[in-house]
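Scroll down for the structure; my scribbles are underneath it.
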Amino acid sequence: MDNTSYLSLSRIDGLTRALDVTANNLANASTDGFKVSRVQFADYLSKQKGTQGAAGEKQLQYSQDRATYHNYDQGALRQTGNTLDLGLNGEGYFTVRTKNGIRLTRNGQFLRSDDGTITDSAGNPLLDQEGRNIRMDPEEVMEPLSISSGGIISTNRNGELAQIAVVNVENQNTLKAEGSDLYNPTTPTTAVASPEIRQGMLESSNVNAVQETTEMIRIQRAYDLNFQVVQTESTRQLDAISKITSEPNV
């Protein structure tokens, strides 16, 4: 296999990864709190030994998949009217306790379990500012509750019950995605001084379905083009070998 094939295959490898990421974005276009992902590519330059060509011809430029990163722009807030649907306007994340530790999320679709604990859809408890599970008295499970912009949960019977924790990290690129809406904070978190929680609303995914569909078509075309290059080069080499090794006509 020659350099042409290696260069095309390196590009195909990166395009395959980009196609997977774009397909995942489209699959989560309706997932609340989902943040679109992107693939970062870089060029890997390999010097050719023993070449006598021009300076620009002495290097091979391979495509290299370096990282996948997220676009953390806020998605649109939409009205649902559900008491425990909470949308964050501006910075911050809710905190939930999972079996693997505390995780952050922008998906504010919460529920009340039978024992009064407020959880996300996976059953992970929502945490207050002290890092405790937010739990209501079982007798209050059916009681209406209100949640202020600052996250204070109140009921008519007992007044203020808890304050929802809303935290942030200094560099969001340090967040490690887990699933479609959870993030592992690999660096310390800090409380958001003035969170803006909207009760009865949810933050939609920030995926632009039209843009992602267009990107998928572009990636697929680039993939097909590079695959054709590999096939053409393979055919050329086989034809050359066949001609060299064929017996001369007598």
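The values are calculated or read from the model by the stated rules, or taken from the named source; none is laboratory data. Everything numeric here is computed off the predicted structure, so don't read it as measured data. Positions of Cβ are generated from backbone atoms using ideal geometry, with glycine treated the same way; all protein chains shown enter the neighbour counts. Just so you know, the surface numbers come from the protein's heavy atoms only, side chains and all, with ligands and any DNA or RNA stripped out. Shrake-Rupley method; radii C 1.70, N 1.55, O 1.52, S 1.80 Å.
Inclusion of Ala162 among residues that are surrounded by 16 or more Cβ atoms within 10 Å (Cβ to Cβ), assigned to a strand (DSSP E or B) and at pLDDT below 95 is warranted. Pairs meeting the criteria (first residue in the range 177-188 and without any contact (Cβ under 8 Å) to a residue 40 or more places away in the chain, second residue buried (at least 16 other Cβ atoms within 10 Å of the Cβ) and β-branched (Val, Ile, Thr), beta carbons under 8 Å, at least 6 apart or on different chains) are Thr187/Val169; Pro188/Val169.
Is at least one residue of the range 118-126 touching a residue at least 12 places away in the same chain (Cβ under 8 Å), of a type in the set (D, E, K, R) and open to solvent by 20 Å² or more (accessible area, probe 1.4 Å)? No. Restricting Glu170, Glu139, Glu130, Glu143 to residues that are within 17 Å of Tyr72 (Cα to Cα) and open to solvent by 20 Å² or more (accessible area, probe 1.4 Å) narrows the list to Glu170.
Arg157 - would you say it is modelled with pLDDT under 95 and outside the structural domain of Ile102 (by the TED database)? No, not satisfied. A residue that is farther than 30 Å from Thr186 by Cβ, modelled with pLDDT under 95 and part of a strand (DSSP E or B) can be found somewhere in the range 108-124.
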